[in-house]
1. If you average the sequence gap of Cα pairs under 8 Å that are 6 or more apart and divide by the length of the chain, what percent do you get for the contact order?
2. Please give the FRET efficiency for D300 paired with T190, using the beta carbon to beta carbon distance and R0 = 22 Å, rounded to the nearest 0.05.
3. Give the residue list of trypsin sites (Lys or Arg not before Pro) in segment 1-52 that are DSSP loop and have at most 15 other beta-carbon atoms within 10 angstrom.
4. Once you have a ≥ b ≥ c as the square roots of the Cα gyration tensor eigenvalues for segment 126-253, tell me rounded if a/c is under 1.5, and otherwise prolate or oblate according to whether a/b is larger than b/c.
5. Which of the aspartates and glutamates could a cross-linker bridge to K75, judged by Cα under 16 Å and excluding same-chain residues fewer than eight apart?
6. Could you pull out every residue, at least 5 positions away or on a different chain, whose amide H is within less than 5 Å of the one on V7? Hs are placed 1.01 Å off N in the peptide plane, and Pro or chain starts have none.
7. Measure off 7 Å from each Cα along the Cα-to-Cβ vector at K45 and E165, then give the distance between these two points in nanometres to one decimal.
8. Could you state the per residue volume, in Å³, of the convex hull enclosing the Cα atoms of the chain?
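FYI, it's all coordinate maths here, none of it is from the lab. Values in this document were obtained by computation on a predicted structure and should not be read as measured data. Backbone-built Cβ (ideal geometry, glycine too); neighbour counts: all protein chains shown.
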Amino acid sequence: MMRKISVLGSTGSIGTQTLDVVRSHPGEFQITALSFGRNADVGLKQIHEFHPAIVCVQSKAIADSIRQQLPLGTKLVYGEDGLIEVAVHEQSELLVNAVMGSIGLKPTIAAIESGKDIAIANKETLVMAGQIVTELAEKSGTELIPVDSEHSAIYQCLHGNVDSEVQRLIITASGGSFRNRTREELVGVTVEDALKHPNWQMGAKITIDSATMMNKGLEVIEARWLFDIAYEKIDVILHKESIIHSMVEYIDGSVLAHLGTPDMRVPIQYALSKPERLDLPGGKRLNLLEIGSLHFEQLDTDRFRCLALAYEAGKTGGTAPAVLNAANEVAVAAFLQGEISFLKIDELVEEALTAHQTVQSPSLEEIIAADEETREKVRSYLK
Ligand code: NDP
Ligand code: MG
């Protein structure tokens, strides 16, 4: 049976790989709705290949620029309301949320409320509002299926929900572009250097997050909510080969790990096909003999300040993780624009967290308000 899918962020790194997976398995999946931001060249090709019933772009200007080039009958929408329309499209059964950043929150909530399962790559949503999102999903009986490779690995090693048999989750970290440098050696690094990730090809924001280790911090918070587990039971270790994607340790000392070559199509495809597995055309097989050995090291949280900040914000709870995320989004965008240095990113995040009065058990509105206030505050620090 064809699985009908909506994709948010179709032109991005996860989005294009999602469409690769769909393309590789004719007859398995159908793209009923898709959204992208500004990349009309790639977006239009996708529309003509997959014929979604509805398309959303970032703004009215972009919508006007492509309207004449759409196949007959394709509905065109834009902006945040448009994203929500794509997310809840009546024909689709599953939403792949692969937009970058907090813009993914409202469409996720709308999709859950309309009873869709969600393959969630957009970790910022779970960081901002993990409690609200997971409670809503439970109430409406929809599933949040991890796409992030670490969480997909844990999901596969858990065989279901976390229970009293789980001792801890062990999330692996590649260490990002600067894993061999000391903090002193990070003074003056360029955007170009930061964008060179040793193991993964990803969007710009997450590549910077990997270099600061904020990505791991966001992933710890993501794991807390996806698997309903305490922060005390989530550990992070450095594993530079990115072959073990994460592990689950059980109370009897058994550790289950998920291994594979670094290829995001594997977790994306599993999120679409589970519990079945499909072959992966062009996928590189893991050859352990070729790799020879795997390495593990303790992470230094003085060096990787963002990881410590994320644990702190996560444990504080309430609006703190939303503040962490918003400050980080603004700081990373400023770094990518050449406005601030690399080491300024964690300083800005820390400053925003210190200045914030946490609201416990926040409503969605309070979370969004904390997000917006933080963005303004961090932008004012930049001036
Ligand atoms: P990219 O930057 O490559 O892609 C982002 C996508 O979102 C693009 O299609 C972009 O459109 C669209 N988009 C961005 N801003 C807006 C907006 N305001 N309105 C509408 N659309 C928008 O990101 P990635 O694919 O790397 O990451 C997506 C998410 O997945 C992130 O949350 C990331 O943390 C997570 N993730 C990514 C991994 C990876 O390997 N890349 C691994 C694990 C998680 P356009 O380009 O057309 O403007
Ligand atoms: Mg990851």
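1. Once divided by the residue count of the chain, the mean separation gives 15 percent.
2. 0.45
3. Filter output for segment 1-52: R38.
4. Here segment 126-253 falls in the prolate category.
5. Cross-link targets: E49, D64, E85, E90.
6. Those lying under 5 Å, H to H, from V7 are A33, L34, S35, V96.
7. In this crude label model, K45 to E165 measures out at 4.7 nm.
8. Here the figure is 143 Å³ per residue.
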